[in-house]
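A.B. asks: Below are the C-alpha cells for one structure; questions will follow.
The values are calculated or read from the model by the stated rules, or taken from the named source; none is laboratory data. Everything numeric in this text was worked out from a predicted model, so none of it was measured. Heads up, the Cβs are rebuilt from the backbone with ideal geometry, glycines too, and the neighbour counts pull from every protein chain shown. Ligands, DNA and RNA are stripped out before the accessible areas are found, and what is left, the full protein with its side chains, is counted by its heavy atoms. Shrake-Rupley method; radii C 1.70, N 1.55, O 1.52, S 1.80 Å.
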Amino acid sequence: MLDIVYIRNNPQEVSEKLARRGFDIDFTEFLEADAKRRAMMHENEELKAERNRKSAEIPMIKKEGGDISQWTESLRQLSDRIKENDIMVNKMTEEQQEFLRGIPNIPADDIPAGGKENNEIVSVWGEPMPVDAAVKNHVDLVESTGMIDYERGVKLSGSGYWIYRGAGAVLEWALLNYFVYDHLNDGYEMMLPPHILNYSCGYVGGQFPKFEDDVFQLRGGGDEFQFLLPTAETALTNIHADEILSEDELPKKYFAYTPCYRKEAGSYRAEERGMIRGHQFNKVEMFQYTRPEDSEEAFEELVRKAARLVEGLGLVHRISRLAAGDCSAGMRKTYDIEIWIPSMQIYKEVSSVSTAGDYQARRGNIRYRRADTGKVDFCHTLNGSGLATSRIIPALVEQCQQSDGSIVVPEVLRPWMHGIEIIRPLAEGNV
RNA sequence: GGAGAGAUGGUCGAGUUGGAUGAAGGCACCGGUCUUGAAAACCGGCGAGGGUGCAAGCCCUCCGCGGGUUCGAAUCCCGCUCUCUCCGCCA
C-alpha cells in the first residue's frame, strides 16, 4: 500500500514512477474523490463535536430538574444525520482503500524500467558448461541414481509431485542444513512457522486478493479461508503485523524453513519437467525488518548471502537485476540469483531477493518507535530465498555429474551426508 | 465435539446499577533532582490513527471485530473471531 499523503502531494511523480513498471494510472479522479471525502468527513466531525457538547449538558440540566425532552428530540435528528454521513464517508473510504490496494509498489530509481527484457546481469560466477551430448539431464540423473521417485510421487498425489528418497532425500536435507547453519552463523533467528495461514496473512504479504487462486485453499465454510503457504515469506511478513517495535530491536533478521505449496496452474512446458516447477518444494527464506535508512544495506546483505550459498556449492550462477515490470507488485527492487542448468542451457532462478520498502509494512501495520523523536514510523521489510532447493538439485546433479553418471557431492554438504561422497547409479532393475 | 470463563493503552490490571475519564493504579520506558558513578528514593512525562492550523492548540475516532438500543455505550442487546479452564476423542 502506498502512502496516500505522498500521492496527494506528488501525483505526477507517482504516476511517472509507476509507469516505469508498465502500470498506467491517473490520480485526477482519485484525488477529487479524496478531497470530497475529506470535506465530508470534516463536516461530519463538526456535527459530532456538536453532539458531544450538547449531550454532555444533559446530565447537568437533569440535575437541576430541567426538562430535556426538546433537547433529546433535536439531538436525535442530529444523530440520524451523523449516521447517514458516516455511512457515506465509510463507503468513500472503502472505495479509496480498494483503489489504493490495487496500486503496486513504486519501483526503486536504480533499477531499469520496462519488462523482463530489460533485466540486467549484475555478475556471473563460473563458466557455463557448453552443450555436450554426454551431458545427462537431471531427470535422467536423479532417476538413475534413485534420488527421486517421480512415478510414485504422482501415484501418491498427482502430477507435479515427487518423492525424495535415499541419497536424494539425504542430499536435500543436507542442503537445508547447509543453509540453516549459514544463517545461524550470521546471527539470523530461526523460525519454523505454521504452514497453514489465515487470509489476512495473504493480504499483508501482498499476494491477495490477486493470487488467491494460486494457493491451496482450505475452506471451513466461511468467506475467508486458510491456505497452505506458497512461501515462508507470507508467514514471516506477518509475524509483527499490528505491532510497534522499538528501534533498538531493529534490524530483525529471521529465516524459516518450510515447504512451499503452489498450484502452479497452467500447462507445464516440456523443458520444465523434473524438479524445476512443482506444487511442493523446500525453501529456506530469509527475512529482515529494518529502519528505512538501513534497508538498502540489508538488501545488499541478503543478495550477498544468497549468492554466497550457491558459490559455496561451487555451482555456476549469476545475479540479475530485475527490471521494474518484472518485480512482483509489492516490491521496489528485486535481484535474482540464477543457476546454470547445463541440459537446458539456461539460468534458472534459485533465489529472489527483494525489498518492499514500507509497502508491506503499511498493509500489515508494522511499525517501530524512533528512539530520538519518540515517533512511530513504518518499518521496511525485505525477503530473499536462501535458498530454494528445487532448482538447486537439478543444477547440482547436472553440474556435478561424472561421465559414469555418478554425482560428486559438494564438499560443503559432506558433514550432513552420512558419509556419502559420490552418489552412484543404481544397478539395473533396482529402481 | 460438549460445558463454562474471558478479550481494556508497551505490559499487568481497575472500571460493567450507561453520562464528569482515553480510561485509576503498578511495571516498563523517557527527562530531571540526588550520587564520585550506579542503584534506591523523589519530581515530571509517556497510546494510536485521522482532520485542521505556521505553531501552541483545537476537533473526531478507537476499550477483540461487526451491528443494534440510546440524546449519550468500555459499560446494555445480537452476531462473529480469538484465548483460557473442564469433559470427551485421539495421531
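To keep it simple, each residue is scored yes or no on (1) in a strand (DSSP E or B); (2) open to solvent by less than 20 Å² (accessible area, probe 1.4 Å); (3) farther than 24 Å from A:N282 by Cβ; (4) touching a Ser or Thr at 6+ places or on another chain (Cβ under 9 Å).
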residue: A:P193; (1), (2), (3), (4): no, no, no, yes
residue: A:S200; (1), (2), (3), (4): no, no, yes, no
residue: A:Q207; (1), (2), (3), (4): no, no, no, yes
residue: A:K210; (1), (2), (3), (4): no, no, yes, no
residue: A:D213; (1), (2), (3), (4): no, no, no, no
residue: A:E224; (1), (2), (3), (4): no, no, yes, yes
residue: A:F227; (1), (2), (3), (4): yes, yes, no, yes
residue: A:P230; (1), (2), (3), (4): no, yes, no, no
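A.B. asks: Now a separate question. Cβ contacts < 9 Å: first residue part of a loop (DSSP other than H, G, I, E, B), restricted to region A:242-257; second residue hydroxyl-bearing (S, T, Y) and within 11 Å of RNA strand B (Cβ to nearest atom), any location; separation 6+ or different chain. Result?
C.D. replies: A:E243/A:Y368; A:L250/A:Y368
A.B. asks: Given region A:312-420, what strands (runs of 3 or more DSSP E) lie entirely inside it while holding 3 or more residues that are within 24 Å of the chain's Cα centre (by Cα), modelled with pLDDT of 90 or more and of a type outside the set (D, E, K, R)?
C.D. replies: Working: elements: A:317-321, A:333-341, A:346-357, A:367-369, A:376-378, A:380-388.
Those strands (runs of 3 or more DSSP E) span A:317-321, A:333-341, A:346-357, A:380-388.
A.B. asks: Which residue, of A:D34, A:D24, is acidic (D, E) and exposed (fewer than 11 other Cβ atoms within 10 Å of the Cβ)? Spell out how you get there, then give the answer.
C.D. replies: Details: A:D34 fails: exposed (fewer than 11 other Cβ atoms within 10 Å of the Cβ).
It is A:D24.
A.B. asks: Considering (1) surrounded by 23 or more Cβ atoms within 10 Å (Cβ to Cβ); (2) within 16 Å of RNA strand B (Cβ to nearest atom); (3) farther than 19 Å from A:L100 by Cα, say which one A:A371 fails and leave the rest.
C.D. replies: All conditions pass for A:A371, except number (1).
A.B. asks: Sticking with this one: For residues that are open to solvent by less than 70 Å² (accessible area, probe 1.4 Å) and more than 9 Å from RNA strand B (Cβ to nearest atom), tally how many sit in region A:5-21.
C.D. replies: Total meeting the criteria: 11.
A.B. asks: Would you call A:V139 under 30 Å from A:A306 (Cβ atoms) and at pLDDT below 85? Spell out the reasoning first.
C.D. replies: Working: under 30 Å from A:A306 (Cβ atoms): yes; at pLDDT below 85: no.
The answer is no for A:V139.
A.B. asks: Given (1) open to solvent by less than 30 Å² (accessible area, probe 1.4 Å); (2) over 26 Å from A:M286 (Cα atoms); (3) touching a helix residue (DSSP H, G or I) at 6+ places or on another chain (Cβ under 9 Å), identify the lone condition not met by A:N137.
C.D. replies: (1)
A.B. asks: Please verify whether region A:45-60 includes one or more residues that are of a type in the set (D, E, K, R), open to solvent by 80 Å² or more (accessible area, probe 1.4 Å) and more than 9 Å from RNA strand B (Cβ to nearest atom).
C.D. replies: Pass one, region A:45-60, residues of a type in the set (D, E, K, R): A:45-46, A:48, A:50-51, A:53-54, A:57.
Among the residues that remain, those that are also open to solvent by 80 Å² or more (accessible area, probe 1.4 Å) are: A:45-46, A:53.
Going one step further and asking which of them are more than 9 Å from RNA strand B (Cβ to nearest atom), we end up with none.
Looking through region A:45-60, none of the residues is of a type in the set (D, E, K, R), open to solvent by 80 Å² or more (accessible area, probe 1.4 Å) and more than 9 Å from RNA strand B (Cβ to nearest atom).
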